Amino acid sequence: MERKKTDFELILQALNAMPQAEAEQIREKLRSKLEEERYRRGEELCREPPAGTPLKCALSGVLDHSGVYLGGGLVAELTGEGVMVAVSLSKFLNGDVGERDWTMIRTGFRIYAACDKASGIPLGSQYAAMLARILTVDSSEQLGWDYDLFERNCHRFTAVCIGWQGDGTWTLARLEQGIAAKLNLGREMTWRAVNPETPGFRYEATPGKHVQRAVLDGAAKGAAFGVGVAAGVELAMFVDKRLREALGDD
């Protein structure tokens with residue numbers, strides 16, 4: 001008796017009998033459906049987000065850093081020096097050893113993309129990508145502003161890029177309100193981790209060693225978050241320990 005073919009085998013057989021262009025369109029729709037199901041189950045995003053998607057990563061274990069994805073593995077961000085730059089994904093995640101202030105101890109081991117909460121689809125914006133590129137890559141001179149942790153920070157830069165502006169204190173929660181309003185028609189948004197092995201979106205996620213180097217540098221300068229050498233090193237060791245536990249890196 002002939003074995004009954006599975007639904008998957010029947011779909012594959014039908015696709016193979018179709019013209020290549022038509023079959024590829026259907027495959028793409030199936031892949032999109034599969035992606036949506038994975039998003040709903042809370043799995044990692046395994047496809048490169050579109051240009052103009054807001055990104056975030058952890059900062060010192062207690063805060064978050066944000067920027068705008070430009071495509072091609074580049075992110076537009078505002079540094080702790082108040083400079084608008086385009087950096088690689090790994091640099092966005094890990095920062096630069098030797099940067100002053102808290103930017104030197106970025107501690108995330110995943111980059112997160114802003115997504116629609118219901119479908120999990122990344123919230124890209126051609127407007128945001130264009131403006132972020134004008135402010136960084138296409139600028140003939142290095143742009144920036146007088147950095148302030150509360151009012152002129154990375155979240156305000158990201159908000160400006162998506163067309164959400166205003167004065168006062170800028171937090172991640174306030175940025176999220178702007179993302180929902182400007183990029184998602186007022187619908188609720190969420191953050192999805194992007195797998196570091198995603199084609200076109202690969203990044204190095206090795207926070208433990210980076211934190212050790214960065215905070216030792218920060219401690220040598222006398223402060224991390226302006227709390228003094230001892231407290232800065234203690235904070236760094238705590239964050240590094242938690243990250244190592246999360247990564248299973250002893």
- Query: What nm value, rounded to one decimal, do you get for the distance between E44 and L185 when each label is placed 7 Å out toward the C-beta?
  - Reply: 3.1
- Item | Amide H partners (placed H, <5 Å) of E204, local residues excluded | S90
- Table column - 3J(HN,Hα) (Hz), the range 121-134, Karplus curve with 6.51, -1.76, 1.60, x for Gly and Pro: 6, x, 9, x, 9, 4, 4, 4, 4, 5, 5, 4, 5, 4
- For C154, C46, C161, ascending order of other Cβ atoms within 10 Å (fewest first) is C46, C154, C161
- Item | Distant-in-sequence amide H partners of I111 (H built 1.01 Å from N, under 5 Å) | V194
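Bear in mind these aren't lab numbers, they're just calculated from the coordinates by the rules spelled out. None of the values given here were measured: they were computed from a predicted structure. Neighbour counts run over all protein chains shown; Cβ positions are idealised from the backbone, glycine included.
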